[in-house]
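Asker: One structure follows; several queries about it will come next.
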Amino acid sequence: MSSETKRLEAMQAATVIPIGLGDRSYRISCGFGLIAQAGEVCAPFAPTRRVFLVTDSHVGPLWGPAAVSGLEDAGLRVIPLQLEAGEQTKSWGGLAALIDALAAERAERQDLIVALGGGVIGDLAGFAAGVFKRGMDFVQIPTTLLAQVDSAVGGKTAIDIEAGKNLVGLFHQPRAVLVDYAVLDTLPLRERRAGFAEVIKYGLINNRPFFDWLKAEGAALVGGGSATLAHAVTTSIRSKAAIVAADERETAGLRALLNLGHTFAHGFEALAGYDGRLLHGEAVACGMALAFDYSARIGLCPEAEAHEVATLLEAVGFQIDPRKLPGGPFAPEAVLEAMAQDKKASGGKLTLILTEGIGRAKIVPGVDFASILAYLNEIFGEG
Ligand code: NAD
Ligand code: GLY
């Protein structure tokens, strides 16, 4: 089969998920081998034909050449910019390095930035695109499962600062997102599992049938399975797209549901120190188990459903006992203090995403610190 035929077949087989946001609407194209069509996807947003391809030191050597050739096929001129892989790049230092590189290349406002990488590159390049010359367009080509189902969708961009994660950022929607499942072939199993926590999250928020499907397919899915992977990714993206379309800036409350498990998770991650010992998805998996456990203990959620969630998370290989998380041991007071850095904390109270059961997540504002500390003391003290 000629490469042109293969290209056309891949394009036809792509699933396109629209995100409806008025004049900020965009399409998420998902399929196998789509990176070869990067040029087709990006060209409409690159009037100068110049593209800055921002990637990291792991992804660049693996997928940079395919992305460059896909972009060049559409007549685009590509300037690759490679940053060090790792969360520490999503920082003032990483931002300055990227902005300085753009300036040194005399990037123009009408040039296009393409983020090729995981959530770190997507968040950082998206933020740089939002602020450089008061705003450039950008396209996301997410290369981790987490980025495909979560961070590349919805326009949240940010860097981390000393005081906490994602504290400096802006909403800046991409012009398009290109999800190529094939790039996940090189993703280490641990990273793939971590991304799977966010997939499970969508079932837990509002989609019980999806959760049941994950229960049947879950463990196998982490390791491979192309058709099932495509279903898991597109279902997740559709869930997030619907929530983002309804509440782009998290003002109506709905988008906060996406933070299920995240307040506990951010506490653990901050204490573990973002050095790779505890991945974001691993912390989220434990955080979701705790959100269900807490909800069951206060009588909001049936205990059997909290147990069902814990069972799936463990079957997939997550550690859901917070006392055994890598990067610990954590003291309950320190966990609470780290949780209190949450953007939604105010006046000694936190908004928690709790649940009435699987598929029925609920935003609960005004949970006081003392109740959370009492809960943490309870679970950290249990034999
Ligand atoms: P990451 O970008 O650090 O990627 C994880 C690791 O995998 C890195 O070492 C990376 O180089 C490597 N990698 C990426 N793709 C690869 C591939 N295809 N093959 C081999 N290696 C590959 O981390 P992540 O988990 O993708 O993202 C985490 C970040 O995303 C955090 O900073 C988090 O705050 C952010 N996030 C943002 C949002 C949002 O809405 N913007 C949502 C969730 C998470
Ligand atoms: N990851 C949370 C959000 O996009 O709102």
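Asker: For ILE99 and ARG360 in the same chain, what is the full-extension length gain: residue separation times 0.36 nm, less their Cα-Cα distance, in nm? Please list the in-between numbers first.
Answerer: Working: separation 261, 0.36 × 261 = 93.96 nm, distance 4.22 nm.
Roughly 89.7 nm would be gained on extension.
Asker: Exceeding 29 Å between C-alpha atoms, which entries from my cross-link table qualify? They are LYS215/LYS344; LYS165/LYS324; LYS215/LYS349; LYS133/LYS201.
Answerer: LYS215/LYS344; LYS215/LYS349; LYS133/LYS201, as the Cα separations exceed 29 Å there.
Asker: I've got another one for you. Which angle from 0 to 90°, rounded to the nearest 10, does the C-alpha axis of helix 189-206 make with the longest principal axis of the chain?
Answerer: 70 degrees
Asker: Here's another thing I want to ask about it. Give me the three principal axis extents of region 72-156 from the C-alpha atoms, as integers in angstrom, largest value leading.
Answerer: Sorted from largest, the Cα extents of region 72-156 read 32, 32, 22 Å.
Asker: What angle, in degrees between 0 and 90 and rounded to the nearest 10, separates the Cα long axis of helix 303-316 from the longest principal axis of the Cα atoms of the chain?
Answerer: Here the helix axis deviates by roughly 40 degrees.
Asker: When all protein chains stay in place, what accessible area (Å², nearest 10, 1.4 Å probe) is found for THR48?
Answerer: 50 Å²
Asker: In addition: Rounded, prolate or oblate: which fits region 315-383 when a ≥ b ≥ c are the square roots of the eigenvalues of the alpha-carbon gyration tensor, with rounded for a/c under 1.5 and prolate only if a/b beats b/c? Please list the in-between numbers first.
Answerer: Values: a/c = 1.83, a/b = 1.17, b/c = 1.57.
Because a/c hits 1.5 or more and a/b fails to exceed b/c, region 315-383 counts as oblate.
Asker: Take the chain, mark every one of the GluC sites (Glu not before Pro) that falls in a DSSP loop and has at most 11 other Cβ within 10 Å, then report the longest stretch left between them, sites excluded.
Answerer: Of all site-free stretches, the longest is 163-381.
Asker: Calculate I(q)/I(0) for region 22-129 by the Debye formula, one identical point scatterer on each C-alpha and no solvent, and give its log10 at q = 0.20 Å⁻¹ to two decimals.
Answerer: -1.10
Asker: Quote to one decimal, in nm, the extra length available between ALA13 and ARG323 on full extension: 0.36 nm per residue of separation minus the C-alpha distance between them.
Answerer: Gain on extension, ALA13 to ARG323, equals 107.1 nm.
Asker: Taking R0 as 51 Å, what FRET efficiency do you get between HIS307 and ARG106 from their Cβ-Cβ distance, rounded to the nearest 0.05?
Answerer: It comes to 0.30.
Asker: So how tilted is helix 59-73 from the main axis of the chain? Cα-based, degrees 0 to 90, rounded to 10.
Answerer: So the helix axis and the longest Cα principal axis differ by about 40 degrees.
Asker: Could I ask something else about it? If you take the beta carbon distance between GLN88 and ALA340 as r and set R0 to 22 Å, what does 1/(1 + (r/R0)^6) give as a FRET efficiency, to the nearest 0.05? Write down the numbers at each step before the final one.
Answerer: Values: r = 24 Å, r/R0 = 1.07.
The calculated FRET efficiency here is 0.40.
Asker: Then there is this: For region 139-189, treating each Cα as an identical point scatterer without solvent, what Debye log10 I(q)/I(0) comes out at q = 0.15, 0.16, 0.32 1/Å?
Answerer: -0.48, -0.54, -1.14
Asker: Taking trypsin sites (Lys or Arg not before Pro) that fall in a DSSP loop and have at most 16 other Cβ atoms within 10 Å as cut points, what is the longest piece of the chain between them? Write out the running numbers ahead of the final one.
Answerer: Details: sites that count: ARG49, ARG106, ARG109, ARG249, ARG277, LYS343, LYS344, ARG360.
No qualifying site falls inside 110-248, the longest such stretch.
Asker: Continuing with the same structure: Over the C-alpha atoms of the chain, what are the Rg and the largest Cα-to-Cα span, Dmax, in Å?
Answerer: 20.4, 65
The values are calculated or read from the model by the stated rules, or taken from the named source; none is laboratory data. Keep in mind that this is a model prediction, so the values were computed, not measured. Every residue, glycine among them, receives a Cβ derived from its backbone with ideal geometry; neighbour counts consider all protein chains shown. Accessible surface is based on the protein model in full, side chains and every heavy atom, while ligands, DNA and RNA are left aside. Shrake-Rupley method; radii C 1.70, N 1.55, O 1.52, S 1.80 Å.
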